[in-house]
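For reference, the structure is listed below as structure tokens.
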Amino acid sequence: MLPSSYDRQDCSLARALEIVGERWTLLVLRDAFYGVRRFNDFLAHLDMPRTVLSNRLRSLTDSGVMVKVPDPGHSGRWLYELTDDGMALWPALYALRSWGERQSGRRPRMFTHDACGTPLHPTARCEKCGVLPAPNNVFVSPLGEFTARTDPVALGLRRKHRLLDFLPLDGDAA
């Protein structure tokens with residue numbers, strides 16, 4: 001197993017990788033920006049081992065990127081929410097997503113600024129307004145055909161959705 005620490009590297013990027021560089025972590029964060037908050041919804045949408053998800057969520061909460069709060073709708077269960085430090089990762093995650101689109105030649109979703117409806121630049125900026133909108137000021141909309149996935153999160157992403165709004169909704173059951 002590779003170490004998850006870059007102690008000998010005098011570099012801020014190495015520090016960031018210690019927090020978000022493990023396999024699956026960026027996808028957990030992506031889903032958190034989509035509005036996923038419940039463990040079982042992360043699990044169903046990401047198809048990752050339960051133990052790995054548990055470890056990634058614990059690491060993200062321990063590092064202050066996410067916070068674990070009681071789920072008011074389910075006694076004894078928890079919600080995972082992005083903190084301000086987690087929200088600060090939005091432009092980097094969006095830029096990586098844009099890079100991935102260019103590499104794959106696929107664009108399954110469009111992200112638009114809610115104030116003007118303009119698609120975001122690959123840097124997450126709105127070129128029309130000249131601002132970097134906060135994630136809760138961004139809509140994500142599906143483009144083209146849907147995947148065959150039928151988990152509640154995938155179903156919720158089949159319609160226009162404001163980032164950070166709770167997903168899945170009650171009507172998104174598989």
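The values are calculated or read from the model by the stated rules, or taken from the named source; none is laboratory data. Because the structure is a prediction, the values reported are computed rather than measured. Counting neighbours? That spans all protein chains shown, and the Cβs are built from the backbone with ideal geometry, glycine included.
A few comments on the model shown:
- Close pairs (9 angstrom Cβ cut-off, 6 or more residues apart or separate chains): within 13 Å of L143 (Cα to Cα) and free of Cβ contacts under 8 Å to residues at least 24 places away in the same chain in the range 101-129, surrounded by 13 or more Cβ atoms within 10 Å (Cβ to Cβ) and acidic (D, E) anywhere: P119/E127
- Among the residues of the range 134-146, those identified as within 22 Å of R102 (Cα to Cα), part of a loop (DSSP other than H, G, I, E, B) and touching a residue at least 12 places away in the same chain (Cβ under 8 Å) are L143, G144, F146.
- Taking the range 59-79 as the range and being closer than 22 Å to R30 by Cβ and in a strand (DSSP E or B) as the test, the residues that pass are M66, V67, K68, V69, W78, L79.
- V67 passes every criterion in (1) touching a helix residue (DSSP H, G or I) at 6+ places or on another chain (Cβ under 7 Å); (2) surrounded by 19 or more Cβ atoms within 10 Å (Cβ to Cβ) apart from (2).
- In the range 37-52 there is at least one residue matching the filter, namely being in contact (Cβ under 8 Å) with a residue 60 or more places away in the chain and not in a helix (DSSP H, G or I).
- Within the set D10, D47, the sole residue that is modelled with pLDDT under 95, loosely packed, with under 13 Cβ neighbours inside 10 Å and within 27 Å of P142 (Cα to Cα) turns out to be D47.
- Hey, D114 in contact with a strand residue (DSSP E or B) (Cβ under 7 Å, 6 or more places away or on another chain), surrounded by fewer than 16 Cβ atoms within 10 Å (Cβ to Cβ), of a type outside the set (G, A, S) and within 27 Å of V65 (Cβ to Cβ) or not: yes
- Set P108, P135: member being buried (at least 18 other Cβ atoms within 10 Å of the Cβ) and within 19 Å of V28 (Cβ to Cβ): P135
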